[in-house]
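Notes to accompany the following structure.
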Amino acid sequence: MATREKLTAAQDVLKQIIVGQDNCVELLFTSLLSGGHVLLESVPGSGKTRFAKAFAKIIEGRFSRIQFTPDVLPSDVTGIQFFNPKTQNFELRVGPVKANVLLADEINRATPRTQSSLLEVMEEHQTTIDGETVRLPSPFFVIATQNPIESNHGTFPLPEAQLDRFLMKIKLAYPSFEQEKEILLHQRESDSLNEIKPIFTTEEIVSLQQEVRKILVSEVVTDYLLRIIHRTREHREIELGASSRAALALMRAGQALAFLRGREYVTPHDIKTLAASVLEHRLILSMDGAMRNEKVDVVREIIESVEVPVELELSR
């Protein structure tokens, strides 16, 4: 099966498992191909964990899951040096972070100290345990989930440094009446999640990530992207605007989306499509802004306020 056919087949599998979330499926693959990580957010019971597990099965690699609670320690995530009484020596035991796809379930239930154990892991694809550095396998993709309605009940908001490590924040919406009916009918007798077979090897994913970096980003598109970034720093209702890391993330995501859609160049529409998912979770509203608007509304206002360049000669 050709690469393009595999990408289509993989997306079709997820669309059958998570009905009515086609846009989220595309965003998830965009994040993987760009080498970033994803924060999935929605109310309980909407399929976040199922979505992540289904996605992990498509890749023929190692999958790990961490169910975060307040009593999970950093060593439970990264690993420890333990004393083996049989050998009378200390031995390294790497934690669940040594995986190709890591599901950080309900990440906002972990304490800030435990959340911080993922900073090095997500940014540098390595972990340091008692002074010993361990490289993680490639690809390394973190899918974290959180429930927005539980912010005051045994949860800890993710700090800005942690949020900035996520390429995108993807929100799962409620399915429509017909879509939810389809879900019930499909799962009446069996769970299709158990029938998913791997489509990509880890080597193929790494190769695709390298191909994505070759997608052309013209000066016109770069200028448009930067105008959006700089507008977030100038907006009256934003206290902390998008960083240079955010600009790079938006460019990488644009390359991945263009690749996913079969193009060799990024268009302004790609950037406009991705901007809210890439930027919303990275911004901090001022007190006045937070009282008057939702963060996503401010981001959309910024995106609409920046003139979209005419898509001429972008492939040159």
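The values are calculated or read from the model by the stated rules, or taken from the named source; none is laboratory data. Fair warning: this is a prediction, and the values are worked out from it, not measured in the lab. Note that each Cβ is placed from the backbone with ideal geometry, even for glycine, and that neighbours are counted across all protein chains shown.
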note = For residue 83, the lone unmet condition from (1) surrounded by fewer than 17 Cβ atoms within 10 Å (Cβ to Cβ); (2) at pLDDT 90 or above; (3) of a type in the set (A, V, I, L, M, F, W, C) is (2)
task = Would you be able to tell me the number of residues in segment 193-219 that are under 20 Å from residue 101 (Cα atoms) and either touching a strand residue (DSSP E or B) at 6+ places or on another chain (Cβ under 8 Å) or not charged (D, E, K, R) (or both)?
result = 15
note = Listed by range, helices (runs of 4 or more DSSP H) wholly within segment 218-288 having at least 3 residues that are within 15 Å of the chain's Cα centre (by Cα), surrounded by 15 or more Cβ atoms within 10 Å (Cβ to Cβ) and among the small types (Gly, Ala, Ser) are 244-260, 268-279
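Within segment 150-186, track down each residue that is of a type in the set (A, V, I, L, M) and exposed (fewer than 12 other Cβ atoms within 10 Å of the Cβ). Can you show your working first?
Within segment 150-186, the first condition is being of a type in the set (A, V, I, L, M), and the residues that meet it are 158, 161, 163, 167-168, 170, 172-173, 183-185.
If the condition is that a residue be of a type in the set (A, V, I, L, M) and exposed (fewer than 12 other Cβ atoms within 10 Å of the Cβ), then 161, 184, 185 are the ones that fit.
Which strands (runs of 3 or more DSSP E) sit wholly inside segment 49-125 and have at least 3 residues that are more than 20 Å from residue 162 (Cα to Cα) and assigned by TED's automatic domain parsing to the domain that holds residue 140? If you could, list the steps in order and put the result at the bottom.
Values: elements: 63-67, 79-84, 89-94, 101-105.
Fully inside segment 49-125 and qualifying: 79-84, 89-94.
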inquiry  = When the residues of segment 289-299 are narrowed to those that are within 24 Å of residue 165 (Cα to Cα) and of a type in the set (A, V, I, L, M), which ends up surrounded by the fewest Cβ atoms within 10 Å (Cβ to Cβ)?
reply    = 290
task = Determine, yes or no, whether residue 162 is within 27 Å of residue 241 (Cβ to Cβ), more than 15 Å from the chain's Cα centre (by Cα) and either aromatic (Phe, Trp, Tyr) or assigned to a helix (DSSP H, G or I) (or both).
result = no
ask   = Looking at (1) within 12 Å of residue 224 (Cβ to Cβ); (2) in contact with a Leu (Cβ under 6 Å, 6 or more places away or on another chain); (3) of a type outside the set (S, T, N, Q), can you tell me which one residue 265 breaks?
value = (1)
